[in-house]
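*Asks:* Would you mind keeping the following structure in view while I ask a few things?
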C-alpha cells in the first residue's frame, strides 16, 4: 500500500493511544527493574534539591558532620562550582555545579571516615544505628553508606530502594534494556493493531506499491551511505553553530551507556537497537504511517517536511535536530520514489550501521591510546 486510500480515523486514534500506552509502559518497566537491581552511587537525577544541598555544604559554619568531612576532602575548584550552584537561579541547568556536587557525594560514599566513631559521635541516632551494621561485602557497604547520606541530608536525595547492588554501568544498561525492549514490543503491538483495523498484513504494508522490490535494495543502501557522509558534515556544522551560541555539546544517553558497555551481550543488544529495532519501528511510524497520512492531506513536499520535523523532534536532541530532520527528508524522498517502506528502512539501517561502527572504532582507539 502506498497512499492509495486514506487511513481510517479510528485506526489512527487507536494507533495514537497504543503509542501512548507503549511509552507509559516503557517508563514504568525500568522503575520496576530498579527496585530489584541498581547502584547506590548517585547521579544528578537522584538529587532532589541540589541548591539546598549545595547551601548546606558551603554556608559557614558547616554544622552537618558529614558535610564538614566532605568539604574537608574537597578541592577548591569543586567547592567553587558548588557555591555557584547554591546561587544559581536554575540549579538543574547548572551542569558544572551539579556534576561537582554529584562527584563529591559519591566520593563521600567511598570515604571510610563516613563511618568513623568521631563522625558518628555527633550523628543522629538513626545514622549511628546504620553505621553499626556489619555489611556483607562491598555492595552492602555502598547501600548502607547511601542510607547514611540520605539520613544526613533528608529531603534532598532520592531514596534508593533496590534489593541487589550492581556496578553503575551495568545498572544503567539494565534500565536501558528494560525500557527499550518494552517500548519496542509495545510499538509493534500498536502497529499490528493499526494494520488489523486497516485490513492490511505486515507484508503488504512493508512492500507497499514497489513493482520489483529487489531492484530498490542496492539503491537504498547507496542512499544510506551517501546520507552518512552528508550528515557528518551537517552534524559538524550544527555542533559548531550551537557552540557559538554557548551550547555545550553532549553525548546522547544511549551512546554514553554504549561507551561504558564491556560485556559482548550488551554490545549485541545495542547493535540490535541501532541496526534493526530503530530502523524498523521508526520507518514504520514516520514514513509508513505518518508520511503516508500527511501525503493524503498535502503535497508530497509538505508531507515530507512535516514527517521529517517530527522525526527530528522525537529524538529530543537539539544538537542533532537539524541533521536528523534533513535525514528524514531524504528518507521521505526515498519512500516517495521507491513506493515501499523497506527502502527507507534499509537506508536508515545502513546509516546507523556506519555510525555504530565508527563510534566503536573511536572508542577502541581512545581506549588503546597512551595517557596524555
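Values quoted throughout were computed directly from the atomic coordinates according to the rules given, and no laboratory measurement underlies them. Keep in mind that what you see is a predicted model, and the values were worked out from it rather than measured. Neighbour counts are summed over all protein chains in view; Cβ atoms, including those assigned to glycine, are modelled from backbone coordinates with ideal geometry.
*Asks:* Using a Förster distance of 45 Å, how high is the FRET efficiency between residue 301 and residue 45, based on the Cβ-Cβ distance and rounded to 0.05? Each step should come with its number before you reach the end.
*Replies:* Numbers: r = 41 Å, r/R0 = 0.91.
So, using R0 = 45 Å, E works out to roughly 0.65.
*Asks:* Would you list 207, 5, 172, 143 from fewest to most Cβ contacts within 10 Å?
*Replies:* 5, 207, 172, 143
*Asks:* Shifting gears a bit: Angle check, please: helix 168-198 long axis (alpha carbons) against the longest principal axis of the chain (alpha carbons), in degrees 0 to 90, nearest 10.
*Replies:* 30
*Asks:* Using only DSSP helix segments of four residues or longer, with each worth -39500 (n - 2.57), what per-residue ellipticity at 222 nm results for the chain after dividing by its residue count and rounding to 500?
*Replies:* Dividing the helical sum by the residues of the chain leaves -22500 deg cm²/dmol.
*Asks:* Shifting gears a bit: Viscosity 0.890 mPa s, temperature 25 °C: what is the translational diffusion coefficient of the chain from Stokes-Einstein with a Kirkwood Rh over Cα pairs, rounded to a whole number of µm²/s?
*Replies:* Reported coefficient: 103 µm²/s.
*Asks:* Output the 0 to 90 degree angle, nearest 10, between the alpha-carbon long axis of helix 213-244 and the longest principal axis computed from the alpha carbons of the chain.
*Replies:* Roughly 40 degrees between the two axes.
*Asks:* Could you tell me the relative contact order of the chain? Use alpha-carbon pairs under 8 Å, at least six residues apart, and round to a whole percent.
*Replies:* After rounding, I find 22 percent.
*Asks:* Something else: Report the label-to-label distance for residue 75 and residue 207 in nanometres (one decimal), using points 7 Å from each Cα along the Cα→Cβ vector.
*Replies:* 6.4
*Asks:* Using alpha-carbon pairs under 8 Å, 6+ residues apart, how would you state the relative contact order of the range 215-372 in percent?
*Replies:* This gives 35 percent for the range 215-372.
*Asks:* Hey, another quick one. Would you work out the Kirkwood radius for the range 208-331? I mean one over the mean of 1/r across all pairs of different Cα atoms, in Å.
*Replies:* It works out to 16.4 Å.
*Asks:* Working from Cα positions, state the angle (0 to 90°, nearest 10) between the long axis of helix 9-34 and the longest principal axis of the chain.
*Replies:* 30
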